[in-house]
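Student: I'd like to ask you about the structure that follows.
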Amino acid sequence: MLEKKYDYGKLGLKVGLEIHQQLKTKKKLFCRCLNEMLGTKEPDFMITRTFRPVLGEMGVFDEGMLLEFEKGMTVAYEGYNSNTCTYEYDDTPPFHCDAEAMDVAWEIASLLKMNLIEELHVCRKNYLDGSVPAGFQRTMIVAKDGQYPVSDSKNIHIDILCLEEDAARKIKTEERTVFYRLDRLGIPLVEVTTKPDINDPHEAREAAFRLGLLLRSTGKVHKVIGSIRQDINVSIKVGTRIEIKGVQKLDWIPILIDHEIERQIKLVEIKKELATRGGSVDEIIAQEPQDLSGGFGKTSCKMVATSLKKGEKVLGIKVPKFAGLLGKEVQYNRRLGTEVSDRVKVITGLKGIIHSDEDIPKYGFSSEELSTIREKLHIQDEDAFIMVLGPKEVTARAMVQVKNRLEDAFQGVPPETRRALENGNTEFMRKLQGGARLYPDTDSTAIPIDLKRVKEIQANLKGYPWDMKEQIAMQYGISQDFVQKLILSGDVDIFLEIVKIDPKFATLAATTLLETVTALRREGKPVENLDTPHFLELFTLLNEGKLGKEAFQDVLGAIAESPDEKITKIVGKTVGKAVGDEDLAKIIEEAIMQDQEIIKSSGSRAFGAVMGDVMKNVRGKIDGKKVSTMLKEKLDKFLKEGGK
């Protein structure tokens, strides 16, 4: 029984999932560039851009967009001649939507029993973080209202499935410039959004696992790190919806949810305490930041002294009725003051804030300096204060964010998008973005559903992968764990084709696809070049006795490096000419004669030694089972004839 940290029903816990999965198509979604990630390859060119917000369809600016604009970032885009075109950096309108991506989206929607949209309309979703050079992502709703089982007694309902283009991948940030690579930009992905049906953290993990398993079971999605991204939406009755992005591992999900519940409970406690003390938003709005720089002329605080020498300023603000609340822990080792600091860091780039609930003497401030601060800011017993230091214009902007976050404290839990941290906590990314950032794409025409194509896809649908897991394991005598790994790796279809050659290859097929290919990847072999026909021909040669399983790793490694070369030619170069029955018989007879003294003294126990000598000459050139059978026959004959 899994441990429950809270009474989730009493709290009114609601969790929804957003799964973003890249599709394994030949081309990108709205141009004809190759769908490929180029890793650490040095880019061929770079362009820079700045952004400004635009009005949404309803004629208003999205608050989240405005917040991104306030960061004042410059964006540098690094591109490649091989898979980046003028569409990616917004100098060309979109091409027609990729038909292969549409097929995969319809297949996934059908597996989820969704209602397909009869006419698709491409929309623009504003992004001002720089991840899309156009400032918006193209997306379309493909289907609505589906479901899949999370257990025998409960279904998780799907809200919508969108087909959209992926954003560029972030490389680094230097000063106020963020760098992105354009190879990922435009890769098709599906976004599957569930309804908030999940009421338990461990149920959320299982729901995410099953949804990921279903996507992988199609064999038509990317499997590399970063190709699937999971976001979770969490709320409780007394709080609000919080979007947590960047959930990299399934095991993080229950921990993140529990920590977010704790955070919302603590923030609501702060809200109630402020009400008890008679605090108000109006009091925060009325506060004006004060320049405290003059009071630190002889300060021992190195941080402040260094800042003042550079001509920077120290601003301070009174925070009425907040004494002791800025230091209140809302998550492990994170306090309300941390939440204010995060907002300042993200929006202005300053390193953070100093507040009165901290261990102020650790900064090196004298008691006289602290008295001056309290006097100048008119601090009373129930009041707190916050200071920021930096360039004059930046500290002014920082104080705006300080006041905004303090005003939010009277709301309890402000709606935010937060980044998942490995320890289960989260940190501020931006205000939760709304529908104002979505509007029609005037460069794209409507896309009518291809009913004939949809019927063809639905006629070939597989069942749920968790049912398939049990069926395949039972039919071929391999473990369910093996089958699950085959589904997650996207190789279950190749496995099923291999066992058509001979069901006895089931275990070898699974270990080849899962373990041998993994070993080759670690060796740096380009295993992404290995395709179904390569494996089928390899197992056909094995079935015909023309290749030994011992040679699989070497041969597959050579195929990965030369995928277009004939496999028989690769086998010849890698392991030599295949050994026929006559040649094998001669090699065995020579080995028996060579080892006859050992055979005479040990009898049939000498089999292993003789087998080793034979395999030195035939390893990988013929099936080892055939070698074993023929050697046993000839060794028995030799012993019956008295070793002559």
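Student: If I fit a long axis through the Cα atoms of helix 99-111 and take the longest principal axis of the Cα atoms of the chain, what angle between them do I get, 0 to 90°, rounded to 10?
Tutor: The helix 99-111 is inclined about 90 degrees to the chain.
Student: Where does helix 392-409 land angle-wise versus the long Cα axis of the chain, in degrees 0 to 90, nearest 10?
Tutor: On a 0 to 90 degree scale, this one is about 80.
Student: Still on this structure, I have one more. Cα to Cα, under 16 Å, and not fewer than 8 places away if on the same chain: which lysines meet these conditions relative to LYS328?
Tutor: Within the straight-line limit of under 16 Å, LYS328 reaches these lysines: LYS266, LYS271, LYS272.
Student: Right, something else. Would you work out which of GLY226, HIS96, ASN199 lies farthest towards the positive end of the dipole of the chain? Charges go on Cβ: Lys and Arg +1, Asp and Glu -1.
Tutor: GLY226
Student: How big is the charge dipole of region 464-575 about its Cα centre, in debye rounded to the nearest 20, if each Lys and Arg gets +1 on its Cβ and each Asp and Glu gets -1 on its Cβ? Please list the in-between numbers first.
Tutor: Values: 12 positive and 18 negative charges, 52 e Å.
Using only the charged Cβ atoms, the result is roughly 240 debye.
Student: Taking the alpha carbon gyration tensor of the chain, what are the square roots of 5 times its eigenvalues, largest first, to the nearest whole Å?
Tutor: On the way: eigenvalues 739, 173, 131 Å².
Over the Cα atoms of the chain, the semi-axes work out to 61, 29, 26 Å.
Student: Can you tell me the relative contact order of region 8-273? Whole percent, Cα pairs under 8 Å, sequence separation 6 or more.
Tutor: Numbers: 532 pairs, mean separation 73.9, N = 266.
Across region 8-273, relative contact order equals 28 percent.
Student: Helix 581-594 versus the longest principal axis of the chain: what angle, 0 to 90°, nearest 10, using Cα atoms?
Tutor: 80
Student: Further question on the same structure: List the trypsin sites (Lys or Arg not before Pro) within region 272-363 that DSSP assigns to loop and that have no more than 13 neighbouring Cβ atoms inside 10 Å. Spell out each step's value before the answer.
Tutor: Values: sites: LYS272, ARG277, LYS298, LYS302, LYS309, LYS310, LYS313, LYS318, LYS321, LYS328, ARG334, ARG335, ARG343, LYS345, LYS351, LYS362; in loops: LYS298, LYS310, LYS321, LYS328, LYS351.
Sites meeting the loop and neighbour criteria: LYS298, LYS310, LYS351.
Student: With a 10 Å radius around each residue's Cβ, average the other Cβ atoms per peptide and rank 68-81, 97-110, highest first.
Tutor: Details: 68-81: 17.9, 97-110: 21.2.
With the highest mean Cβ count within 10 Å placed first, the list reads 97-110, 68-81.
Student: Among GLY545, PHE495, SER235, whose Cα projects farthest towards the positive end of the dipole of the chain, with charges put on the beta-carbon of Lys, Arg (+1) and Asp, Glu (-1)?
Tutor: So the residue furthest toward the plus end is GLY545.
Student: Can you list the residues, at least 5 places off or on another chain, whose amide H is less than 5 Å from the amide H of VAL247, using H built in the peptide plane?
Tutor: Placed amide hydrogens put GLN230 under 5 Å from VAL247.
Student: Ordered by residue, what ³J(HN,Hα) values in Hz, to whole numbers, does region 185-195 give under the Karplus form 6.51 cos²θ - 1.76 cosθ + 1.60, where θ = phi - 60° and Gly and Pro are x?
Tutor: Ordered by residue, 3J(HN,Hα) equals 4, x, 5, x, 9, 9, 10, 10, 10, 8, 7 Hz.
Student: If you take the square roots of the eigenvalues of the alpha-carbon gyration tensor of region 464-575 and sort them as a ≥ b ≥ c, do you get rounded (a/c under 1.5), prolate (a/b over b/c) or oblate?
Tutor: Details: a/c = 2.27, a/b = 1.57, b/c = 1.44.
Prolate is the answer for region 464-575, as a/c is 1.5 or above and a/b outweighs b/c.
Student: State to the nearest 20 debye the size of the charge dipole of region 186-232 about its Cα centre, where the only charges are +1 on K and R beta carbons and -1 on D and E beta carbons. Each step should come with its number before you reach the end.
Tutor: On the way: 7 positive and 6 negative charges, 67 e Å.
Roughly 320 debye for region 186-232.
Student: What are the radius of gyration and Dmax of region 1-134, computed over its Cα atoms and given in Å?
Tutor: Cα radius of gyration and Dmax of region 1-134 are 19.9, 57 Å respectively.
Student: Then there is this: How much of the pair distance distribution for region 8-273 lies past 36 Å, counting alpha-carbon pairs only, in percent?
Tutor: On the way: 5993 of 35245 pairs.
Within region 8-273, distances greater than 36 Å cover 17 percent of Cα pairs.
Student: Along region 365-375, what does the Karplus equation 6.51 cos²θ - 1.76 cosθ + 1.60 (θ = phi - 60°) give for ³J(HN,Hα), rounded to whole Hz, x for Gly and Pro?
Tutor: For region 365-375, the Karplus-derived couplings read 6, 7, 5, 5, 5, 5, 5, 5, 4, 5, 5 Hz, x marking Gly and Pro.
Student: Each residue of region 135-151 in turn: what ³J(HN,Hα) in whole Hz from Karplus with 6.51, -1.76, 1.60 and θ = phi - 60°, glycine and Pro shown as x?
Tutor: Couplings: x, 8, 9, 8, 8, 8, 7, 9, 7, 9, 6, x, 6, 8, x, 9, 7 Hz.
Student: Follow-up. Could you list which residues have their amide H under 5 Å from that of LEU292, counting only those 5 or more apart in sequence or on another chain, with H placed in the peptide plane?
Tutor: VAL314, LEU315, GLY316
Student: Rounded to the nearest 0.05, what FRET efficiency is calculated for LYS272 and ASN199 with R0 set to 25 Å and r the Cβ-Cβ distance? Could you put the intermediate results ahead of the total?
Tutor: Working: r = 25 Å, r/R0 = 1.00.
Computed FRET efficiency for LYS272 and ASN199 comes out at 0.50.
Student: Right, another one. Which aspartates and glutamates have a Cα less than 16 Å from the Cα of LYS569, not counting those fewer than 8 places away in the same chain?
Tutor: By straight Cα distance, LYS569 reaches GLU537, ASP554, GLU561.
Student: Would you kindly state how much longer the chain becomes between THR40 and GLU641 on full extension, computed as 0.36 nm times their sequence separation minus their alpha carbon distance, in nm to one decimal? Display every interim value, and only then the final one.
Tutor: Details: separation 601, 0.36 × 601 = 216.36 nm, distance 6.60 nm.
Full extension from THR40 to GLU641 adds 209.8 nm.
Student: Same structure, new question: Under 5 Å between amide hydrogens, which residues at least 5 positions from SER356 or on another chain qualify, with H placed 1.01 Å from N in the peptide plane?
Tutor: Hits under the 5 Å cutoff: PHE385.
Student: Could I ask something else about it? Considering the options SER280, ALA446, SER601, tell which one lies farthest towards the positive end of the dipole of the chain, charges being +1 on Lys and Arg and -1 on Asp and Glu at the Cβ, about the Cα centre.
Tutor: My answer, from the dipole projection, is SER601.
Computed from the coordinates by the stated procedures, all read-outs in this text should not be read as laboratory data. Given the structure is predicted, the values throughout are model-derived calculations rather than measurements. Note that each Cβ is placed from the backbone with ideal geometry, even for glycine, and that neighbours are counted across all protein chains shown.
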